[in-house]
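Everything on this sheet refers to the single structure shown next.
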Amino acid sequence: MLILTRKPGESIVIGNNVTVTIVEVRGDQVRVGVEAPRSVQVHREEVFQELARGNVEAVAAAQRARGALRKRGAGAPPGRSRPPRPPDAKPGPPPS
Amino acid sequence: MMSPALDAPAHEPDDDAGMLEFPDGIPGFSQAHHFLLRDLTDDHVFQVFQSVEDPDLSMVVSVPWLFFPDYAPILSDEDQRVLGLERVEDAMVFCSVTADDTGEELYVNLLGPFVVNAQSRQGRQVVLLDQNWPVRAPLPSGT
């Protein structure tokens, strides 16, 4: 890993179009600004990992999910009818 | 200007609208940029979200409001800007569905919904920071 020392107000540039600026250092917290093209999505690392884990899990579970839906009787082949919504769809959280 | 709260299933995914582009890829699968959304069930409740580049990359998805009517994701200004979403009617929202090891319980990812601009067909997976939506919300049974 490349390690650089920067002061508040200083930046590093990654590639041609990503700039990371140290905005403020206060105690054990560092505020960081990121300028990147719109095609580059910027996440906190732990949030990115959680999304990635969720997606990998969803892909791994795709067959099981289809099987579970078939068991629930929701796996008929696609047709052309479009009922507005299943009559027995229940809200998750209780109404407030 | 659209209201920041997406509180209604404004657009349901459908199977004949063609390909969706995810310019950033999705976390965990950054190389996949083009996806198809096909109906999985007759009642249009569940779809298969499948990569064009890698057909093995597919997941079951659903429109969250069918099961969680109180779901009210608030998109960041940044996500709205990047997606070019100016009207709430243009937003197509769907969430991945996973199963536990036994295949008995199903869960919906409400933390990181996929949001697509139905006009441009471009989307991204957003993350709803500080809104307390779970990554594994049990799918109500009896559906």
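Every number in this text was worked out from the coordinates using simple rules, so none of it is lab data. Quantities reported herein were computed from a predicted structural model and do not represent experimental measurements. Heads up, the Cβs are rebuilt from the backbone with ideal geometry, glycines too, and the neighbour counts pull from every protein chain shown.
Note the direction-averaged projected area, equal to a quarter of the hull surface, for the Cα convex hull of the range B:64-123, in nm². Let's see the in-between values first.
Values: hull surface 19.1 nm².
Averaged projected hull area, Cα only: 4.8 nm².
Hey, any idea what Rg/Rh is for chain B, computing Rh the Kirkwood way over Cα pairs? All intermediate terms of the calculation are to be shown ahead of the outcome.
On the way: Rg = 14.2 Å, Rh = 15.3 Å.
That ratio is 0.93, to two decimals.
Over what distance in Å are the Cα centres of the range B:24-42 and the range A:27-53 separated?
22 Å
Provide a whole-number value for the mean count of partner chain Cβ atoms within 10 Å of the Cβ atoms in peptide B:91-101. All intermediate terms of the calculation are to be shown ahead of the outcome.
Numbers: counts 0, 0, 0, 0, 2, 9, 7, 12, 12, 4, 2.
Counting other chains' Cβ atoms within 10 Å and averaging over B:91-101 gives 4.
How many partner chain Cβ atoms sit within 10 Å of a residue's Cβ in peptide B:34-45, on average, as a whole number?
Values: counts 0, 0, 0, 0, 1, 4, 10, 12, 10, 11, 8, 6.
Average per residue, whole number: 5.
At 222 nm, what helix-only mean residue ellipticity would chain B give, in deg cm²/dmol to the nearest 500, using -39500 (n - 2.57) for each DSSP H run of four or more? Spell out each step's value before the answer.
Numbers: 1 runs with 7 residues, N = 143.
Computed mean residue ellipticity for chain B: -1000 deg cm²/dmol.
Please compute the average number of Cβ atoms from other chains found within 10 Å of each residue's Cβ in peptide B:72-83. Before the final figure, lay out each step's value.
Values: counts 0, 0, 0, 0, 0, 0, 3, 1, 0, 1, 5, 1.
That average works out to 1.
For chain B, what is the relative contact order in percent, using Cα pairs closer than 8 Å and at least 6 residues apart in sequence?
Values: 289 pairs, mean separation 34.6, N = 143.
Here the relative contact order equals 24 percent.
Run the quick spin-label model on B:Val88 and A:Glu45: label points 7 Å from Cα toward the beta carbon, then report their separation in nm to one decimal.
Computed distance between label sites B:Val88 and A:Glu45 equals 3.8 nm.
So how long is each side of the range A:1-50 along the principal axes, counting just the alpha-carbon atoms, biggest first, in Å?
Computed over the range A:1-50, the largest-to-smallest principal extents equal 30, 28, 21 Å.
Which value, in Å to one decimal place, does the Kirkwood hydrodynamic radius take for the range B:35-91 when every pair of different Cα atoms is included?
On the way: mean 1/r = 0.0746 Å⁻¹.
Hydrodynamic radius (Kirkwood, Cα pairs) of the range B:35-91 is 13.4 Å.
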